1. What's the total number of residues in the range 268-278 that are in a loop (DSSP other than H, G, I, E, B) and either in contact (Cβ under 8 Å) with a residue 60 or more places away in the chain or over 18 Å from residue 313 (Cβ atoms) (or both)?
2. Looking at the range 295-310, which of the residues that are assigned to a strand (DSSP E or B) and free of Cβ contacts under 8 Å to residues at least 40 places away in the same chain is surrounded by the fewest Cβ atoms within 10 Å (Cβ to Cβ)?
3. Please go through the range 20-78 and pick out each residue that is surrounded by fewer than 21 Cβ atoms within 10 Å (Cβ to Cβ), among the acidic types (Asp, Glu) and either more than 16 Å from ligand 2 (Cβ to nearest atom) or part of a strand (DSSP E or B) (or both).
4. Checking the conditions here, which among 202, 181 is within 19 Å of residue 237 (Cα to Cα), among the aliphatic types (A, V, I, L, M) and surrounded by fewer than 24 Cβ atoms within 10 Å (Cβ to Cβ)?
5. Within the group 81, 64, which residue is under 30 Å from residue 368 (Cα atoms), over 21 Å from the mean Cα position of the chain (by Cα) and modelled with pLDDT of 95 or more?
6. Looking only at residues in the range 215-236 that are in a helix (DSSP H, G or I) and of a type in the set (D, E, K, R), which one is nearest to residue 274 (Cα to Cα)?
7. Find the residue count for the range 360-393, including only residues that are under 17 Å from residue 40 (Cα atoms), assigned to a loop (DSSP other than H, G, I, E, B) and among the charged types (D, E, K, R).
8. Testing residue 292 on (1) part of a strand (DSSP E or B); (2) closer than 28 Å to residue 139 by Cβ, one condition comes back false. Which one is that?
Amino acid sequence: MKAVVLEETRRIVVREVKDAEIKEQTDVLMRVTSSAICGTDLHFYEGRMRGIEGGIIGHEPLGIVEEVGSAVINVKKGDRITVPTHICCGFCAMCVDGHSSACLTTNPGDAGAAYGYPNKGGYEGAQAELLRVPLADANCLKLPGEPGDQWEDDFVLLADAWTTGYHAAAICDVGPGDTVAIFGAGSVGLLAAYSAKLRGAARVYVVDAVKERLEKAGELGAVPIDFLKGDPIEQIKEQQGKWRAGGAFRNEKPLGGVTCAIDAIGFQARSKEDYSKEEPHWVTEAIAELINPAGRIAVVGLWPPKDPSGSVESLKQGRLLVPWDKLFGKNVRITMGRDDDEKWNGKLRDMILTGAAKPSQVVSHRLSLDEAPEAFRKFDERAEGFIKVVLKP
Ligand SMILES: [Zn+2]
Ligand SMILES: [Zn+2]
């Protein structure tokens, strides 16, 4: 089969590899029809998280069941399926409690497994023509329709991008009337904004510096904030002041900030002063400054255990300086972490089916598997409006 292999840092190749195959009778084999490239893949591509060099990359597939292990009950050959990024078993203590991203059996000795991901169980990645899906009954989300139909690019986002975006809005408890600031307008940040709107937010700000991404945020009904055009806190407070003018009935004026904030960037945030450099602290500091008393904060942008090639000494040891005093003084609630995909993917599928949501609005490029090397390069450079790439094996 043809697959996208991360040979070494910044070297993606598409080549013939041994076909994926059924290894356990609880597996199915998926013929992949769409496989998205994730911002997380770029951390591996840039060598900032290592350990999958020489292996197949990717963790966001959609496809058709090609072959079924004899112990699989709920899925049959020909079914259209997607699977969550985090491989789960469905029977361990974490899975039965709804925390599928911390499954205790799929990555023995640790909590949580994933496709094409360092230190997550060694499973092959999903940017390939075929994918082995372990524990199929627990992982396969069945979908109607057929390859290439009107839902193809919506369904592929159920593997990770939309479930993580929705998870961000959900753990942040975004509800009717909330004002939400989202840092990062990659596909997860954009889909967090989209989800915040679906959950009834009154106003959503999306902070980034890439023109096409900010435009997309505007298309999705959010207020784009370009952090290179002035302090994003001041810009948001100014917008909040305008919108609030004349509408303060309960002395809201001193609040000025937002009720909810989401970090959808993580450890590779770019500097406000010099976009060519990384400055991982400022987003956390900006959120602490901007959040209103009793506000809620969700962190879904990735923070790795250590960042040996990072720009900040403390982060090389996996430590981030956080203005704890401000956060404590405001009685804020902080939540963070990986998405328990299975909590959301079926519900979000149904929103796609009924027309209540169309997440594929964030997909910017649809390319063949052979175009993966160029797609990684341009996505990494944030060039030519590369926001979300879906490969079509
Ligand atoms: Zn992803
Ligand atoms: Zn489990």
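The values are calculated or read from the model by the stated rules, or taken from the named source; none is laboratory data. All figures in this text were calculated on a predicted structure; none of them were measured in a lab. Don't worry about glycine lacking a Cβ; one is built from the backbone with ideal geometry, like all the others, and counts go over all protein chains shown.
1. Selection size over the range 268-278: 7.
2. 299
3. 21, 46, 53, 66, 67
4. Values: 181 fails: surrounded by fewer than 24 Cβ atoms within 10 Å (Cβ to Cβ).
Answer to the check: 202.
5. On the way: 81 fails: over 21 Å from the mean Cα position of the chain (by Cα).
Only one candidate qualifies: 64.
6. Going through the range 215-236, the residues in a helix (DSSP H, G or I) turn out to be 215-219, 232-236.
Next, only the ones that are of a type in the set (D, E, K, R) stay: 215-216, 219, 234.
Working: 215: 21, 216: 23, 219: 27, 234: 19 Å.
Top of the filtered list is 234.
7. Total satisfying the criteria: 3.
8. (2)
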